[in-house]
Structure formats: C-alpha cells, structure tokens
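So the structure is just underneath, and the comments pick up after that.
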Amino acid sequence: MDGITQRVLEGLRAQGNTRVDEAKVFRAPGRVNLIGEHTDYNLGFVMPVALDLACTVATAPRTDGILRIHSRNMNDTREVPVDSLPALQPSRHWSDYVLGAAKEVLAAGYPVEAADVVIESSVPVGAGLSSSAAIEVSTALAFLLGRTIDKLDLVKLARRVENNFVGMPCGIMDQFISVHGQENRAVKLDCRSLGHELVPLPFSVRVIAVNSMVKHDLGASAYPQRVKECQQAVAVYAERIPEVQSLRDLNAEQFIHYDEYVPTPARWRARHVISENERVQAFREACIRHDRAEMGQLFYASHKSMRDDYEISCPEIDFLVETAMGLEGVYGARLTGGGFGGCTVNLVSPEAVDSFKQQLGAAYFQQFGITPSFYDCRPAAGAGEVRLG
Ligand code: ADP
Ligand code: MG
C-alpha cells in the first residue's frame, strides 16, 4: 500500500470513523496537456497525458445520515446531511468540487450514502495540472462506491460538476484524460466526436513540467472571457458559412477570408484556436515519426500563439519558456493549462534532464526569487479503485 493510501485511511480513523475495515479507496490522476490549449471548449483537438500525480480518496460508511468530507491538502472538513444534497447551493469553497460530485452522482440516479470521505492529492493545486478534474473524478468514484458506470458517462458527470456547480465553463479534456489515461501513451482526443487515439511518445524525449509557483488572479475572469470571445468569432462565420458551429469547423483559409468582420481581440483568439488545432495534428505526426525537432518547434509555436494571440501568458511563464529554449537538450517549451501562471511543459533529451532542472531552476530563482518545482511526466493510467491489502 502506498503512503498516500495509508494516509487517507488513517485520516478516516482520525475523523473518528469506526468502520474503516469497510473502507474503499479510489484515485484519479492529474494531467499535463502536451498541445492543444483552449481548443477543447472549441470542440477541437487536444493531446494530454495522465500523470502519476493523483487525487486519492478513502470512504467509509457512517450511520447518522451525515456526509463528512475532509481534505488533507486544505486541512479542512465540511459536513452536510445527505438529505440536503439535492437543494445544496455552491459556496465558492473547495468543497464545491466534492459536494458537486455527490449531487451529480445522485442526479445520475445512483444513491449517495452517509460517509466519511478523506481526500489527499499529490497534484499541485491550481498549477495547471488539473487537480480539479482529479478531485472531481476521484470523489465521484468514491460516491459511486464501485457501482458500474460507463467511462464516458463518468467523464461527462465530472465535467458537469465543474461547469454547473463550480461555475467554470471548461471543456472536456481534463476529465476525459483523468478517466482514460494510459501508461506510456499520450491521448489525442477529438473534443467533438470524443473519439480518441493512443499515441506513443518517442523514448528519446522526456516530458518535464515546470511549476512557476505563481497564479495571477486575472486567470479566473479571463477564462470565461476567452470562451465568450471564441463564441463571438463563431457567430461571424456562422452567418457566412452555415456549416460553421464552432471554431473547429474553420480552416486557416476560411478564417482569413472573413477575418476583417471579426472585431479584435476575438479575431486573435480565433486565430490561436485554428492554428492550435493544426498544431495538434502536426504534433501527432511528428511523434509517430520520432521527429523531436519538429515536436519542439510545434511546442514553441504553440507558446507564441498563446502569448500573442490568446494573451494568456505572463512574465514568469515567458521567462521559463525562453530560458528553457536556450538550454542544451531542450527541443521545445510552452505554457500548459489555463494560463496566467501555473506550469510550462518541456520536451527534453533524457541525458539533459538533470542539467535542465539545475540551470532553469537557478535562472528562475535569480530573476524572480522563486524556486520552481519540476515534475517528470511519465504517462500513467486513468482513474480507478485502489485495491487494498
Ligand atoms: P488546477 O485544476 O489547474 O489545479 P483549478 O483552479 O482548476 O486548478 O482547481 C483548483 C481547485 O480545486 C482548488 O482551488 C480547490 O478548490 C480544488 N481542489 C483541488 N484539489 C483539491 C484537494 N486535494 N483538496 C481540496 N480542494 C482541492
Ligand atoms: Mg482545473
């Protein structure tokens, strides 16, 4: 049994639960998105990998009708009567992610039983590696208690938690990869058809995420604003090309044809999404050809597009990307996740990983006085129950 599983089980005992022998444990991973940023809610393409960083949840029954949830990361507990779930409103608190999952499990027709639920995540919270999908999916599984659910139904259920209860209009990528992750494989997902393809990464390249340790407040309002700006661009094209229902339906040529009718900044946002969809396709090809140089160039092109057209970068992230691009053995670097801080993702030659961490860490500290964290992103399996004993 790993340390995190032991700690969540111990957490049940610390909550005074007397039925820990009946406990079940579930986990769901975070992810790093290799390429395809802000394309998911535009029904385009993304290519994430699931991480071996995950949210782990232990649950054991209570007999008093109370659902008590405890986050070891937050060192905080919240209790609600199970009966109150249907009418429960969000409270802009971490517990929204968990109680929202309970509500959605109920709404999907499953019972939700009184329980102690103890949560610990090794996914850094708010760093762009999707601790949010990890907590949504793992707690949904904990409320389901091993009852059968179709994988895609679980993905959609977890996304509804974030869209409807937390109030974040995110796309489907994070929940999809948390459920469908595979060891040693990236997942290329078509966010319209929800068809996915497993793509092996070349052995000769390592994926390293670098946490800038900053998150600018602007991100919270910019995300829904970007969603709106994209819709604004779609409306201009839909009037002129009836088949266009999302930016996914536009290629670069069609885009240029009418782009003068799209006000800025919506025009730039659309240009990012359309070029980014093309980069995802090209990146898949480059992976299959083991063309590390091309993979790296697509990373950097994606970064510039996010920085200049989508305007979701920040000085700390730009510094990490530019510095990484100048280091030996680095093929490419880009912002990953929602933006305005969080992580960069880097393609690094295996022999250069140690010097990469050392040199980038030192440069970042010298510039900003902050020590970044590094994560070796080995593609890991998706969510499931943790076998005990
Ligand atoms: P990201 O998904 O990039 O980590 P988000 O802002 O989407 O960032 O989600 C972070 C939020 O999810 C946190 O502010 C918190 O409310 C919730 N959360 C994630 N993991 C945990 C956890 N282990 N315990 C409690 N809340 C968590
Ligand atoms: Mg998130």
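The values are calculated or read from the model by the stated rules, or taken from the named source; none is laboratory data. Predicted, not measured: the structure shown is a model, and the values here were computed from it. When we count neighbours, we look across all protein chains shown, and the Cβ atoms used for this are built from the backbone with ideal geometry, even at glycine.
Of the helices (runs of 4 or more DSSP H) lying entirely inside segment 251-342, those containing at least 1 residues that are within 30 Å of GLN366 (Cβ to Cβ) span 292-308, 315-325.
Among strands (runs of 3 or more DSSP E) lying entirely in segment 149-228, which contain 3 or more residues that are within 16 Å of ligand 2 (Cβ to nearest atom)?
Those strands (runs of 3 or more DSSP E) span 206-215.
Filter segment 89-101 down to the residues that are surrounded by fewer than 18 Cβ atoms within 10 Å (Cβ to Cβ) and away from ligand 2 (no atom under 16 Å from the Cβ), then identify the one that is nearest to the chain's Cα centre (by Cα). Per the criteria, the residue is SER91. The numbered conditions (1) part of a loop (DSSP other than H, G, I, E, B); (2) under 30 Å from THR5 (Cβ atoms); (3) more than 16 Å from the chain's Cα centre (by Cα); (4) among the hydrophobic types (A, V, I, L, M, F, W, C) are all true for ALA381 except (3). Scanning segment 62-88 for residues that are assigned to a strand (DSSP E or B), more than 16 Å from ligand 2 (Cβ to nearest atom) and either within 27 Å of the chain's Cα centre (by Cα) or under 19 Å from ALA23 (Cβ atoms) (or both) returns ILE66, LEU67, ARG68, ILE69, HIS70, ASP76, THR77, ARG78, GLU79. All of (1) in contact with a His (Cβ under 9 Å, 6 or more places away or on another chain); (2) among the β-branched types (Val, Ile, Thr); (3) farther than 30 Å from GLU37 by Cα hold for ILE119 with one exception: (3). Restricting segment 122-137 to residues that are outside any loop (DSSP other than H, G, I, E, B), out of contact with any Gly (no Cβ under 8 Å at 6 or more places or on another chain) and within 9 Å of ligand 1 (Cβ to nearest atom) leaves a set whose member that is nearest to PRO61 (Cα to Cα) is ILE135. Of the residues ALA50, ALA54, the single one that is among the hydrophobic types (A, V, I, L, M, F, W, C) and within 15 Å of ALA142 (Cβ to Cβ) is ALA54.
For segment 32-54, the count of residues that are in a strand (DSSP E or B) and surrounded by fewer than 24 Cβ atoms within 10 Å (Cβ to Cβ) is at least one. Close Cβ contacts (under 6 Å, 6 or more residues apart or on different chains) running from residues in segment 128-148 that are at negative phi and at pLDDT 95 or above to residues that are assigned to a helix (DSSP H, G or I) and near ligand 2 (Cβ under 9 Å from one of its atoms) comprise ALA133/ASP174.
Filter segment 300-335 for residues that are out of contact with any Phe, Trp or Tyr (no Cβ under 7 Å at 6 or more places or on another chain), under 18 Å from PHE45 (Cβ atoms) and not small (Gly, Ala, Ser) and give the result. Listed by number, the residues that qualify are HIS303, MET306, TYR310, LEU335.
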